[in-house]
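All of the numbers you see were taken from the coordinates with simple rules; none came from a lab. No experiment lies behind these values; they were computed from the predicted model shown. Virtual Cβ from ideal backbone geometry, glycine too; neighbours counted across all protein chains shown.
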Amino acid sequence: MHPLLTLLATRPQLLVDHAQAYAGLFHEEFGQSFTAWRRWAMLQAVALCCLSVAAVLGGVAVMLWAVTPPLLVHAPWILWAMPLLPLFVAITCVWMASRQNPTDAFGNLGRQMGADMAMLRAAESA
């Protein structure tokens, strides 16, 4: 008779405890993956918003530069400096999102299943 069936017939609580441990491991791994994905999505959303603001400010600066006589501009550097702040924030967010380590999603769960299968194969052959 297969060792798993013997264990199921004699001590079913062990298998229930093992299944609960799998559920706990899945819950933990899912939480970590979801948190990493949410951080990545937020960084990308902030980068997109800041890039849009930088584009609008750059367009306004170009239009102001085109219609204002050079002698009346008191601080011409401000026309190109203002779009740089949201552009810098956008670049930083994209960099942070790309630098984020891809989580080994459900790696521990896969390793545990592999270890359990190897243990079952060893018990079956013995």
Could you point to the residue in Val73, Val53, Gly24 farthest towards the positive end of the chain's charge dipole, with +1 and -1 charges on the Cβ of Lys/Arg and Asp/Glu respectively?
Val73
Please state the charge dipole magnitude for the range 1-104, taken about the Cα centre, from unit charges on C-beta atoms (+1 on K and R, -1 on D and E), reported in debye and rounded to the nearest 20.
180
How are the Cα pair distances of the range 1-62 distributed, in percent, across 5 Å bins from 0?
4, 15, 10, 10, 9, 7, 8, 6, 6, 5, 5, 5, 3, 3, 2, 1, 0
Along the range 69-80, Karplus-curve 3J(HN,Hα) (6.51, -1.76, 1.60; θ = phi - 60°) to the nearest Hz, with x for Gly and Pro, reads x, x, 6, 8, 7, 7, 9, x, 5, 5, 4, 9
Separation of the range 79-114 and the range 40-75 by C-alpha centroid, Å?
24
Please identify the helices of the chain, taking whole runs of DSSP H, that span at least 24 Å along their own axis as judged from the Cα atoms and have a mean Kyte-Doolittle score of -0.5 or higher.
12-67, 107-125
Can you give me the orientation-averaged projected area of the convex hull built on the Cα atoms of the chain, in nm²?
10.8
Specify which residue in the list Met82, Ala123, Pro12 is farthest towards the positive end of the charge dipole of the chain, using unit charges on the beta carbon of Lys, Arg (+1) and Asp, Glu (-1), about the Cα centre.
Met82
